Amino acid sequence: MPVRPVLATALGAAALLCAAVGPARAADPYEVITVDPVGRIAPDGTVTLTGGYRCTGGTGPVLVGSSLSQGDPRLKQGIGGGTARCDGAEHRWQNSGKVSARALKSGAARVEATLTELRPSGILLVPAFHAATEQDITLVQE
C-alpha cells in the first residue's frame, strides 16, 4: 500500500480521536511548524505546500499534516502528509495532494499545518500535538 494514503488515513484518524479525547499533552514552546508564503498548483491539480519544523522527544511516529482552505474557512482540503524527525534540529517539510480542478485556484488561501505524534496507549494510538499553525499564503498556478 502506498505511504501517502496510509499517512492521510492515520492523520484523519488522529483528528477524529482528538475531537473525542483532546490532546495528550501541551505543545512545547521550543517546538514549531511554519508554512512558506507561496503554495503551488500543478496543471494536473496537485497542490504542493512547504515549510519548516522543529520538534523534540517523539516516542511514537510524528506526522506533518497540512490542510488548505480558500474562500469558506470551514471547507478544508487535506494536502498530503509525511513523517517528521523530532531530534531538536530544524527540518523542511513538503506535502502534496491532488484536488479537483475546480476546488482551488490561484490567489489567497489559508493553510493549517500540524506536527502530531501518535503515541501508543494500550491498543490505541493517542495523538499528542507538538506544534500547529495557521497562515495565509498565496497559491500560484505552475
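Ligands, DNA and RNA are left out, and with a 1.4 angstrom probe the accessible area of segment 58-142 is 55 Å² per residue. Seen from Q77, the other residues with C-beta closer than 13 Å to its C-beta sum to a net charge of +4, counting Lys and Arg as +1 and Asp and Glu as -1. A cut-off of 5 Å between modelled amide H atoms, ignoring neighbours fewer than 5 places along the same chain, links L63 with A84, T116, E117, L118.
The values are calculated or read from the model by the stated rules, or taken from the named source; none is laboratory data. Because the structure is predicted, anything quoted here is derived from the model rather than measured. FYI the Cβ positions are ideal-geometry reconstructions off the backbone, even for glycines, and counts take in every protein chain you see. The area values use the complete protein model at the heavy-atom level, side chains included, leaving out ligands, DNA and RNA. Shrake-Rupley method; radii C 1.70, N 1.55, O 1.52, S 1.80 Å.
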